[in-house]
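Comments concern the structure below.
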Amino acid sequence: MPTDLIDEACGMSEQLVAWRRHLHAHPELSGAEEQTAAFVAERLGEMGLTPRCNIGGMNGVVADLVVADQPFVALRADMDALPIQEENDVDYASETLGVMHACGHDAHMAMLLGAARILQHHRSELHRSVRLIFQPHEENEPGGAPAMIRAGVLEGVESIFGLHIWAALPTGRVGTRVGAFMASPTLLEISIHGKGGHAAMPEECIDPIVIAAQVIVGLQMIVSRTLGASDAGVVTITRINAGTTHNVIPQSVELAGTIRTFDTTIRDRVSERVREIAQGTAKAHGARADVKISHSYPTLINDPVIVADAHRAAERAGFDREDIVDLPLQGGGEDFAYYCQEVPGAFMFLGAGNPAIDCGFPHHHPRFNIDEAALPRGAAVLAAYCLQAGG
Ligand code: NI
């Protein structure tokens, strides 16, 4: 087992930064990652690997490093960008109007390419076969992971590991959590149908705006009054659409929002309460509420054994023990959760926050950026995970 992985990764810092910046300047939305996939496949080919493309009927790219008769450990990076107009004033800013790598998936691909290169150098030291999974379509329903799994990327895989760059964690730290780690998002759409009319004659109308206000406040009682002290959940309304002018009570109000939970029983209970409160409140005032609830990615559950392996990999990659932290439950969703339902897996956050160099904006923000000093650290952790497997 090499002890100088981090030195090796730091030696390719310039290359990692160049890859990341190229991908950053050329972001592609979920389902449209053609150029991204071509770039990744070309780099893998240059390393002497034989990438398979268009996996799952999408832009997935998979490459294997086979060790005879040995099962696979898998590493996964996601590939897609977001419909955000970048506001960073950097020379590698997005060249595509309205599209931006604002979640760090550009860094994920660069780090996985870096890990591929390290693993190629150390191929004779591998005890397990390695599968590199570049997965498209993470940011958008239904996620890219289910199609990749249906295409067989987990066949022969005994464990899977993934890193997400994390701006809220300072560079030099990594963190994760045993068991439930990231939330299962549930999408809400509520339409409240009243009776429109003249704003000066509310007695002739059923005002859906006031009812919507009561519904929104009522929904905020679910977490505080339905869940216990040890249960976790979030209910957020994110959109209200209604009305056209100051003297007309509208016919209806449209609400949208999200529920975040970490357990199927709680998810179902909260969803049911949303339906009851919206419909019951509307009914009490003579209106009607149509409630559409759709469950998205499952809760991401980290396997305790793979978390321990991830900690070991981080140490091997040069992280001090006190810089490998336990993180609290995360309200964000991740389609990496689907892989963890199939094989033991762990997802880990890699610190890349550094406000001193303007890298402190949250994910999905137009000024999101990362401290690129995290790139070699991430590549080293990914490589270490594979090199120690089966050893
Ligand atoms: Ni992301």
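When each of Leu75, Leu65, Leu82 is tested for being within 18 Å of the chain's Cα centre (by Cα), closer than 19 Å to Ser129 by Cα and either surrounded by fewer than 24 Cβ atoms within 10 Å (Cβ to Cβ) or in contact (Cβ under 8 Å) with a residue 40 or more places away in the chain (or both), the lone residue that passes is Leu75.
Taken as a whole, the structure places Leu132 among residues that are touching a helix residue (DSSP H, G or I) at 6+ places or on another chain (Cβ under 7 Å) and crowded, with 24+ Cβ neighbours inside 10 Å.
Screening Phe319 on (1) in contact (Cβ under 8 Å) with a residue 12 or more places away in the chain; (2) surrounded by fewer than 20 Cβ atoms within 10 Å (Cβ to Cβ); (3) more than 15 Å from the ligand (Cβ to nearest atom) shows it passes everything except condition (2). Just one of the listed residues (Glu125, Glu87, Glu95) is assigned by TED's automatic domain parsing to the domain that holds His164, in contact with a Gly (Cβ under 9 Å, 6 or more places away or on another chain), more than 12 Å from the ligand (Cβ to nearest atom) and of a type outside the set (Lys, Arg), namely Glu125.
Any residue in the range 298-311 that is surrounded by fewer than 23 Cβ atoms within 10 Å (Cβ to Cβ), modelled with pLDDT of 95 or more and of a type in the set (Ser, Thr, Tyr)? No, there is no match, as no residue in the range 298-311 is surrounded by fewer than 23 Cβ atoms within 10 Å (Cβ to Cβ), modelled with pLDDT of 95 or more and of a type in the set (Ser, Thr, Tyr). Whether any residue in the range 52-70 is touching a Ser or Thr at 6+ places or on another chain (Cβ under 9 Å), over 29 Å from His127 (Cα atoms) and either of a type outside the set (Val, Ile, Thr) or in the same structural domain as Tyr339 (by TED's automatic domain parsing) (or both) is what I want to check. Looking for residues that are touching a Ser or Thr at 6+ places or on another chain (Cβ under 9 Å), over 29 Å from His127 (Cα atoms) and either of a type outside the set (Val, Ile, Thr) or in the same structural domain as Tyr339 (by TED's automatic domain parsing) (or both), one finds at least one in the range 52-70, hence yes.
Just one residue in the set Glu204, Glu189, Glu158, Glu141 is out of contact with any helix residue (DSSP H, G or I) (no Cβ under 8 Å at 6 or more places or on another chain), among the acidic types (Asp, Glu) and within 21 Å of Asp80 (Cβ to Cβ); that residue is Glu141. Residues that are more than 13 Å from Leu44 (Cβ to Cβ) and under 17 Å from the mean Cα position of the chain (by Cα) were ranked within the range 128-141; the one that is farthest from the ligand (Cβ to nearest atom) is Glu141.
Being in the same structural domain as Gly152 (by TED's automatic domain parsing) and buried (at least 17 other Cβ atoms within 10 Å of the Cβ) is the requirement here; does Glu33 meet it? Yes. If I ask for residues that are within 16 Å of the ligand (Cβ to nearest atom) and closer than 20 Å to Ile149 by Cβ, which ones from the range 322-344 would you list? Result: Gly333, Glu334, Asp335, Phe336, Ala337, Tyr338, Tyr339, Cys340. When the range 316-365 is filtered for residues that are under 14 Å from Tyr297 (Cβ atoms) and in contact with a Pro (Cβ under 7 Å, 6 or more places away or on another chain), the ones remaining, listed by number, are Gly333, Ala337, Tyr338, Gln341. Return yes when Gly144 is within 16 Å of the ligand (Cβ to nearest atom) and under 14 Å from the mean Cα position of the chain (by Cα) and no when it is not. Answer is yes for this residue. Is it true that some residue in the range 349-358 is of a type outside the set (A, V, I, L, M, F, W, C), within 16 Å of the ligand (Cβ to nearest atom) and closer than 25 Å to Glu87 by Cα? Checked against the condition, which is being of a type outside the set (A, V, I, L, M, F, W, C), within 16 Å of the ligand (Cβ to nearest atom) and closer than 25 Å to Glu87 by Cα, the range 349-358 yields at least one hit.
Across the range 100-122, the number of residues qualifying as within 11 Å of the ligand (Cβ to nearest atom) and in a helix (DSSP H, G or I) comes to 4. If you take the residues in the range 241-257 that are in a strand (DSSP E or B) and over 12 Å from Ile190 (Cβ atoms), which one is farthest from the chain's Cα centre (by Cα)? So the residue we want is Val248.
The residues on offer are Val248, Val174, and the sole one that is on the phi < 0 side of the Ramachandran plot, β-branched (Val, Ile, Thr) and exposed (fewer than 15 other Cβ atoms within 10 Å of the Cβ) is Val248. Applying the criterion of being within 18 Å of the chain's Cα centre (by Cα) and either within 14 Å of the ligand (Cβ to nearest atom) or part of a loop (DSSP other than H, G, I, E, B) (or both) to the residues of the range 368-391, the residue that is surrounded by the most Cβ atoms within 10 Å (Cβ to Cβ) is Gly378. Quick one: would you say Glu276 is within 30 Å of Val178 (Cβ to Cβ), part of a helix (DSSP H, G or I) and without any contact (Cβ under 8 Å) to a residue 24 or more places away in the chain? In short, no. Note on the range 337-367: residues that are part of a helix (DSSP H, G or I) and either more than 20 Å from the chain's Cα centre (by Cα) or closer than 19 Å to Ile6 by Cα (or both) total 3.
The values are calculated or read from the model by the stated rules, or taken from the named source; none is laboratory data. Remember, it's a predicted structure, so these values are computed and weren't measured experimentally. In this analysis, Cβ positions are derived from the backbone assuming ideal geometry, glycine residues included, and neighbour counts consider all displayed protein chains.
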